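J.: Below: one structure in structure tokens.
Values in this text are rule-based calculations from the coordinates and carry no lab data. Fair warning: this is a prediction, and the values are worked out from it, not measured in the lab. All Cβ positions, even for glycine, are placed from backbone atoms using ideal geometry, and neighbour counts span all protein chains on display.
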Amino acid sequence: MGRTIRIANGQGFWGDSIDAPVHLVEYGRIHYLTLDYLAEVTLSIMQKQRRKDPALGYATDFVDLMARVLPQLKEKGIRVIANAGGVNPEACRTAVLGVAKRLGVKGLRIATVTGDDVLARLPEFREKGLPLANMDTGEGLFERERNLIAANVYLPTQCMAEALATGADIVLTGRCTDPGLSLAPLVHEFGWSWEDWDRLAAGTVAGHILECGAQATGGNFSRWWEVPELWKVGYPIAEVSEDGSFVVTKPEGSGGMVTVDTVSEQLVYEMGDPQHYITPDCVADFATIRLAQEGPDRVRVTGVRGKPRTPFLKVSGAYLKGYKSTGQLTLSGPRALEKAQLCADIVWKRLERAGCTFEHTDAEFLGASVVHAGIAPEALEAPEVVLRLSVKDPDRKKVERFGREIAPLVTAGPAGVTGFAGGRPKAQEIVAYWPALLPREEVTWQVSVEEV
């Protein structure tokens, strides 16, 4: 059958299970461990962290993980690819090298990939007449002033493959595609051409199945009651062959399950047009994918077809757009919903009397079918309701004033306010998303290596 590469993903987002990647290193019999920490908003958070401290701006959880597994990674020859570098891959590398020195791990090579952060280049793009139009609204980025705090390009996977070619044990990147974390080692190991659209698409599909961690092995599954031992769910592993076919599985003895249904649900997650799944490397046709249950917790994936890459790269931008605040109370006893509605009315009227009107307000009554309003049948008389009030507005002072109107309801509202959670609500900056396209020739990347 030929050589296969076993790739596992141990993180679907920053904040995912801290034990899942350790379990994969110990029991997964894997060649590569990928770790996906970045979402669009995460980069904005990291930029704000770096502004306060130039040594920050990366996923600090990754450094904690390396402190737990570095000796095993080196002993077993498992290579790691992670976008934990965020907006400061070099600082992340320095922190991991410090861990290696402390643990006495010798000969550890760490490569960083930079070039995705184009925030400082925005004036250059403006001067060149590049519109960076919002992909949802069509509005040009520079049509009016915006307080941009992040702008990162989804780099082609070639940059990570080049980093692996340096012999690096660990590759740290900023913004790349989630599937690219898995595609890179396949191109590196099998020598696939960057114009072999079918194999690139197959590797992309493998990465897409792995990228959300346990969602391919029973997590977030619609028939959740069928999933065994979800408390110790195993994270997914792809056994990939040189022809691009692969099997999705998980560590032996772990919980969860790998079936055609669990894999299918992950495939349609954040898919968009199924025949045009666009990445910087190729366009994958999800309609060509064929799934077959090969055995217990083994699903074979074949038939993936691909198309040529587009001339553009996607930019993930973020800008500040005012302030928001949310507060909540629990109301209990008879007529709990009416009490919650009265509390909301009291807050809005008190704020109006104080001269505070807002760009947007919202009142949710949790426990009274708010999540599935209009779909689920009306709830019976609820014995308790959680009232959640929210506002957003460009004026921070008004948003802060809203936060002072929740607590008084404990004694100046109806009887039955039994829970005031989280203290006085605080004004928080709103980070708005700006997706755009940039001609790929405008983007370059750099790979550097350090060793301890």
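J.: Enter the angle in degrees (range 0 to 90, nearest 10) between the Cα long axis of helix 197-210 and the first principal axis of the Cα atoms of the chain, meaning the one along which they spread out most.
T.: Rounded to the nearest ten degrees, it is 50.
J.: Roughly how tilted is helix 60-76, in degrees to the nearest 10 and between 0 and 90, from the longest Cα axis of the chain?
T.: It works out to around 20 degrees.
J.: With θ set to phi - 60° and the Karplus curve 6.51 cos²θ - 1.76 cosθ + 1.60, what are the ³J(HN,Hα) couplings of segment 310-325 in order, to the nearest whole Hz, using x for Gly and Pro?
T.: Whole-Hz 3J(HN,Hα) from phi for segment 310-325: 8, x, 10, 10, 7, 10, 9, x, 8, 9, 7, 9, x, 9, 9, 7.
J.: Report, in debye and to the nearest 20, how large the dipole of the chain comes out about its Cα centre when Lys and Arg carry +1 and Asp and Glu carry -1 on their Cβ.
T.: 1320 debye
J.: List, in order, the whole-Hz ³J(HN,Hα) value for each residue of segment 177-188 obtained from phi through the Karplus relation with A = 6.51, B = -1.76, C = 1.60 and θ = phi - 60°; use x for Gly and Pro.
T.: 7, 4, x, x, 4, 8, 5, 4, x, 6, 5, 5
J.: Working from the pairwise distances between different alpha carbons, so that the mean of 1/r is found and then inverted, what is segment 291-364's Kirkwood radius in Å?
T.: The Cα-based Kirkwood calculation yields 19.1 Å.
J.: A further question on this structure: Using Cβ contacts closer than 10 Å as the measure, can you line up THR310, THR411, THR177, THR157 from fewest to most?
T.: By the 10 Å Cβ count, ascending: THR411, THR310, THR177, THR157.
J.: If I take R0 = 35 Å and measure r between the Cβ atoms of THR418 and LEU230 in this structure, what FRET efficiency does the formula 1/(1 + (r/R0)^6) give, to the nearest 0.05?
T.: Efficiency, rounded to the nearest 0.05: 0.65.
J.: Once you keep just the Cα pairs under 8 angstrom separated by 6 or more residues, what percentage relative contact order results for the chain?
T.: 18 percent
J.: When the Karplus curve 6.51 cos²θ - 1.76 cosθ + 1.60 is applied with θ = phi - 60°, which whole-Hz ³J(HN,Hα) does each residue of segment 404-416 get, with x for Gly and Pro?
T.: Here the 3J(HN,Hα) series is 8, 9, 7, 4, x, 5, 4, 10, 10, x, x, 5, x Hz.
J.: Given that just one value was derived from the coordinates, which of (i) 22.1; (ii) 24.2; (iii) 23.3 is Kirkwood radius over Cα pairs in Å?
T.: For Kirkwood radius over Cα pairs in Å, the calculated option is (ii).
J.: Arrange HIS31, HIS372, HIS208 by Cβ neighbour counts within 10 Å, fewest through most, would you?
T.: Ascending number of Cβ neighbours within 10 Å: HIS372, HIS31, HIS208.
J.: Pick out, from TYR58, PRO71, HIS23, the residue whose Cα sits farthest towards the positive end of the charge dipole of the chain, with +1 on the Cβ of Lys and Arg and -1 on the Cβ of Asp and Glu.
T.: TYR58
J.: Quick one: Cα centre-to-centre distance for segment 53-85 and segment 421-452, in angstrom?
T.: Measuring centre to centre over Cα atoms gives 19 Å.
J.: Taking LYS392 as the anchor, which lysines have their alpha carbon closer than 20 Å to its alpha carbon, excluding any fewer than eight residues away along the same chain?
T.: LYS321, LYS324, LYS349, LYS426
J.: Please order TRP225, TRP445 by the number of other Cβ within 10 Å, starting at the fewest.
T.: Taking fewest neighbouring Cβ atoms as first place, the list is TRP225, TRP445.
J.: While we're on this one: Near GLU451, within a Cβ-to-Cβ distance under 13 Å, what is the net charge of the other residues, with Lys and Arg +1 and Asp and Glu -1?
T.: +3
J.: Amide H to amide H under 5 Å from LEU437: which residues, 5+ apart in sequence or cross-chain, H placed 1.01 Å off N in plane?
T.: ALA133, VAL315
J.: OK, next. Separation of segment 147-197 and segment 280-346 by C-alpha centroid, Å?
T.: Centre-to-centre distance over Cα atoms comes out at 23 Å.
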